[in-house]
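To start, the structure itself, in structure tokens.
The values are calculated or read from the model by the stated rules, or taken from the named source; none is laboratory data. As the structure is a prediction and not an experimental result, all values here were calculated from the model. Note that each Cβ is placed from the backbone with ideal geometry, even for glycine, and that neighbours are counted across all protein chains shown.
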Amino acid sequence: MPYTEVSKLESDGQLYCKYDDQKDIYAGLISELTEAVGMIDESEPAFTSGDVIFDGDASQWKKFGNSLKCRLAIHLSKVDSNWKQYIAEALASGVMEGNEDAALFTYAATGNDYCKFYEGWYVDGRNDFTVTNQFFNLLSGVKDDLNGKSHPWEGTEDPRLRIYIGDNGTKGFPYGVSSALSAAVRTGTPNWYYYPPCFVANMDFAVPLMTYAELKFILSEYNGFSVSDYQEGIEASLDFWGAVNGELIDEAVKTAYIDAVSKNVNAEAVAVQKYIDLFLNGTEAWTEIRRTGYPEQLVRPGEVTTIIDGTPYTFEPLSDVKGDIISRVKYPTNESTLNGANWTEAVSKLQDGTNNYYSKMFWDVRTSKYDHPANK
């Protein structure tokens, strides 16, 4: 994608931006983060006004910058031998130390700058924002008998289940079904979806950009799937989402849950717990699905997504995704007309030389949809 030339103008003689390779972009981002963090003076406010994330706290911006460096580094864990060095540098400089350091984008409670979840429910009048039944079952501790899949913690209900979806009878929406069936379910069976809307629909909801729990799961993988980092990550996630919901999870409940999901701390456990914590951060969750291959409990194309009135419904993908969760998003059509020469060169580097959904990111080295290559 365009990166190094995007800030140049016609006055610089630069009308069309070249596309930089992913490897070079990641190297540039890590370098820029390192430089930016080094410029922060913690004795001065980072901003004097307008900071809806950290209210001008320079130290928290520094921790966030270093924690983002850890996120980028873990993306590269299978393709860059220096990934642990990047994390070591970030740790030495200072990363998030608790939930109070989480980066949250807080929307306005007045005017039109409100949370998009609020806009979806109350402005656009939509009723199709919900969790899938696969995610519901993952949190419920229920294995996927429809597709013969196990559950890493079968029989253990996640305390975040009722935080994420409430106590309104919601059981998760059928995933990948036809528009007609989707409309029928939404209209005829209210308990398939959020009703009433859950806490994310507040005008001034603070959407997490990065949580302390995510950092701890990164550090668990960095430390060879460390049990202590893993457990601290789960505890941080439970505390964070409990506080967001306005009701902290009971200590005994937390302890019992952490014990139950710590019997076998490995690549799958860390990846699935991170996936659960990334609730509302779909882009990063998608990245982790492609990088690790987990959770296996996701329904895949060709698998049964739900049974309604005795009828099984199979997830049928669009024909041009090659039978898996998409590996990338296509370039928008206007790039081919507005930046044609550079677009054509970039597309030529993709699999089959076409603008497709299935060319993998350079850090995605899985050889098939279920491979989990050396998550270490």
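Per-structure values
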{"item": "Positions within region 252-295 being in contact with a Ser or Thr (Cβ under 7 Å, 6 or more places away or on another chain) and part of a loop (DSSP other than H, G, I, E, B), in sequence order", "result": "Val261"}
{"item": "First in region 288-317 and modelled with pLDDT under 85, second anywhere and part of a helix (DSSP H, G or I), Cβ under 8 Å, 6 or more apart", "result": "Pro301/Val321; Thr306/Asn133; Ile308/Leu181; Ile308/Val185"}
{"item": "Residue under evaluation Ala90, criteria (1) within 17 Å of Trp61 (Cβ to Cβ); (2) hydrophobic (A, V, I, L, M, F, W, C); (3) touching a residue at least 40 places away in the same chain (Cβ under 8 Å), criterion not met", "result": "(3)"}
{"item": "Members of region 100-118 found to be crowded, with 16+ Cβ neighbours inside 10 Å and either assigned by TED's automatic domain parsing to the domain that holds Ile234 or charged (D, E, K, R) (or both), listed by number", "result": "Asp101"}
{"item": "Pick from region 214-251, criterion in a helix (DSSP H, G or I) and either of a type in the set (Val, Ile, Thr) or more than 30 Å from Ala88 (Cβ to Cβ) (or both), ranking: nearest to the chain's Cα centre (by Cα)", "result": "Ile218"}
{"item": "Answer residue from region 180-213, given it is in a helix (DSSP H, G or I) and either within 16 Å of Phe105 (Cα to Cα) or not assigned by TED's automatic domain parsing to the domain that holds Leu161 (or both) and is modelled with the lowest pLDDT among those", "result": "Phe199"}
{"item": "Given (1) buried (at least 18 other Cβ atoms within 10 Å of the Cβ); (2) in contact with a helix residue (DSSP H, G or I) (Cβ under 9 Å, 6 or more places away or on another chain); (3) not in a helix (DSSP H, G or I), number of the condition Phe129 does not satisfy", "result": "(1)"}
{"item": "Residues being within 23 Å of the chain's Cα centre (by Cα) and outside any loop (DSSP other than H, G, I, E, B) - total across region 95-126", "result": "13"}
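For (1) acidic (Asp, Glu); (2) within 20 Å of Cys17 (Cβ to Cβ); (3) modelled with pLDDT under 90; (4) not in a loop (DSSP other than H, G, I, E, B), each residue gets a yes or a no:
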residue: Ile326; (1), (2), (3), (4): no, no, yes, no
residue: Val329; (1), (2), (3), (4): no, yes, no, no
residue: Asn334; (1), (2), (3), (4): no, yes, no, yes
residue: Thr337; (1), (2), (3), (4): no, yes, no, yes
residue: Val347; (1), (2), (3), (4): no, yes, no, yes
residue: Asp352; (1), (2), (3), (4): yes, no, no, yes
residue: Lys360; (1), (2), (3), (4): no, no, no, no
residue: Trp363; (1), (2), (3), (4): no, no, no, no
residue: Tyr370; (1), (2), (3), (4): no, no, yes, no
